[in-house]
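The values are calculated or read from the model by the stated rules, or taken from the named source; none is laboratory data. This structure is a prediction, so every number in the text was calculated from the model and none was measured. Glycine also receives a Cβ, built like all others from the backbone with ideal geometry; neighbour counts cover every protein chain displayed.
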Amino acid sequence: MSFSIIACIGKNRELGKDNGLIFHFKDDMKFFRETTRGHTVVMGSNTWKSLGEKPLPNRQNLILSRKVIPNLPENAAQVVNLDTFIKEHKDSGEEIFIIGGASIYKLFLPYARTLYLTEVNATKEADVFFPEFNKEDYDLTTLNSITENKINFNINKYTRKED
C-alpha cells in the first residue's frame, strides 16, 4: 500500500477546531514539511480552505471533493472519484500522504500502510477528531520525543503489520 497518513493529535485524538489546527509546534511543522516534501498530498475541501486555497509548495496537492473546485492553481488538482483514485494508486510505488481532515483520514485509514502521528500529551477543545484505530495492528516506532512550550509530544510512526 502506498498511502501514508500524517497528523498531529491530542490525548483524545483531537485534530482541530473551527477548521484550524489546535496544536502548533515548530518541530511538528518541520517534520510535516520534510516528510511530505516532493510527494503527493491528498486533502479534503475543508483542509484546502484552511490552507487559504493555496497549494503546499514542493508537493502535488490533490483535493478530494464531489463539488467542483474552480480555478485550481498549478500544483493542485481535484479528485472526484475516491474508489478510482484508490485503485489507481494503492499499488504504486509512490508514497502518497493523506493530510486531512477527519473524514478523509477515516476514508483512507483502511488503505494506509503507515501512520505518522504526532501524539501530544495534552488535551484541547476540538470539533474534529482522528478516527479510532487498533494500535495492535501496527508496529510502533517513536521517531522523536520533544518538549515544546512545556508540552511533551512524540512523533510516532505506526507501520501496519503484515497479515
Within the set of pairs 6 or more residues apart or between chains, which connect a residue that is in contact (Cβ under 8 Å) with a residue 40 or more places away in the chain inside the stretch 68-81 to a residue that is aromatic (Phe, Trp, Tyr) and part of a loop (DSSP other than H, G, I, E, B) with Cβ atoms less than 9 Å apart?
-> none
Only one of ALA126, ALA102, ALA112 that is surrounded by 16 or more Cβ atoms within 10 Å (Cβ to Cβ), within 19 Å of ASP18 (Cα to Cα), aliphatic (A, V, I, L, M) and touching a Phe, Trp or Tyr at 6+ places or on another chain (Cβ under 7 Å) | ALA102
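Name the one entry in GLY52, GLY100, GLY16 that is touching a residue at least 24 places away in the same chain (Cβ under 8 Å), on the phi > 0 side of the Ramachandran plot and either not in a helix (DSSP H, G or I) or not acidic (Asp, Glu) (or both). Can you show your working first?
On the way: GLY52 fails: touching a residue at least 24 places away in the same chain (Cβ under 8 Å); GLY16 fails: on the phi > 0 side of the Ramachandran plot.
The unique qualifying residue is GLY100.
Return yes or no: is LYS87 outside any strand (DSSP E or B), within 19 Å of the chain's Cα centre (by Cα) and charged (D, E, K, R)? Spell out the reasoning first.
Working: outside any strand (DSSP E or B): yes; within 19 Å of the chain's Cα centre (by Cα): no; charged (D, E, K, R): yes.
For LYS87, the condition - outside any strand (DSSP E or B), within 19 Å of the chain's Cα centre (by Cα) and charged (D, E, K, R) - is not met.
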Which of (1) assigned to a loop (DSSP other than H, G, I, E, B); (2) of a type outside the set (Val, Ile, Thr); (3) touching a Ser or Thr at 6+ places or on another chain (Cβ under 8 Å) does LEU115 not meet, given it meets every other one?
-> (1)
When you look at ASN81, is it exposed (fewer than 14 other Cβ atoms within 10 Å of the Cβ) and at pLDDT below 95, yes or no?
-> yes
Output the qualifying pairs, or none if there are none: Cβ atoms under 9 angstrom, residues six or more apart or on different chains, first residue in the stretch 129-141 and in a loop (DSSP other than H, G, I, E, B), second residue of a type in the set (Asp, Glu).
-> PHE130/GLU14
Among the residues of the stretch 19-39, count how many are surrounded by 13 or more Cβ atoms within 10 Å (Cβ to Cβ) and not in a loop (DSSP other than H, G, I, E, B).
-> 9
What is the residue count in the stretch 69-98 for residues that are in contact with a helix residue (DSSP H, G or I) (Cβ under 7 Å, 6 or more places away or on another chain) and over 15 Å from PRO110 (Cβ atoms)?
-> 3
